[in-house]
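Step one of this worksheet: look at the structure below.
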Amino acid sequence: MTTISVRPLDTEDWALYRAVRLAALADAPEAFGSTLGREQAFTADIWRGRLTKLNQFVAEDAGEACGLIGIVPTEPGVAELVSMWVHPAARGRGAGDLLVREALRWAKDQHLPEVRLWVAVGNDSAERLYARHGFQRTGQIQPVREGEDELEFAMARSERPRPISS
């Protein structure tokens, strides 16, 4: 039995990041705000630059990349989970849970108690994954990509202390 592990990516991992991100866009184009064609055209410098702005983590199984997640601060106390994807062969084996846990750990270490994300409507397995980690629908809905019909809904979780009611 192999063990899936998760590690952060740095700028030297740009080629691995590119390969996994392009695989994600090819596998699930309806789930991302970008497109395979757009990102295939990115230069090495663009990929490196993305890794300096995003906090990306890769899941690996026996040394082979099998998933990706990013998390980025968006405002004081808030981060957004982005670019979540697990290779079809690794689904149902815990890679998604490990990626989400690592991103949430990063947010906690950065003192970002609220984490938000967007899920494509109809992606029930992703919604179940996030719900297992305390995310709930917020009621917000928007197009996945501007000018297209596919929709996504927002989910959020917060570790902010709740006020004591009297």
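Over the chain, with a Gaussian network built from C-alpha contacts below 10 Å, which listed residue (R116, R18, R128) shows the highest mean-square fluctuation? Top of the fluctuation ranking is R128.
Within the listed set R93, R38, R132, the residue fluctuating most in the Gaussian network model of the chain (springs between alpha-carbon atoms under 10 angstrom) is R38. Taking the C-alpha atoms only, the angle from helix 95-109 to the longest principal axis of the chain is near 60 degrees. For A41 and Q140, the difference between the fully extended length at 0.36 nm per residue and the C-alpha to C-alpha distance is 32.5 nm. Just the protein heavy atoms count here, and of the accessible area of region 1-156 at 1.4 Å, carbon and sulfur take up 49 percent. Which length gain, in nm to one decimal place, applies between R7 and S34 when the Cα-Cα distance is subtracted from 0.36 nm times their residue separation? Gain on extension, R7 to S34, equals 7.3 nm.
Axis angle, to the nearest 10 degrees, between helix 14-27 and the longest C-alpha principal axis of the chain: 80 degrees.
Taking a ≥ b ≥ c as the square roots of the eigenvalues of the alpha carbon gyration tensor, region 34-166 is rounded, as a/c is under 1.5. The residues of the chain expose on average 56 square angstrom of accessible surface per residue, using a 1.4 Å probe on protein heavy atoms.
Stretching the chain fully between R128 and H111 yields a gain of 3.6 nm (0.36 nm per residue, less the alpha carbon separation).
Structural descriptor for the chain: relative contact order 20 percent, calculated from alpha carbon pairs under 8 angstrom and at least 6 residues apart.
The values are calculated or read from the model by the stated rules, or taken from the named source; none is laboratory data. Since the model is a prediction, treat every value here as computed from it, not as a measurement. Only protein heavy atoms, including side chains, enter the accessible area calculation; ligands, DNA and RNA are left aside. Shrake-Rupley method; radii C 1.70, N 1.55, O 1.52, S 1.80 Å.
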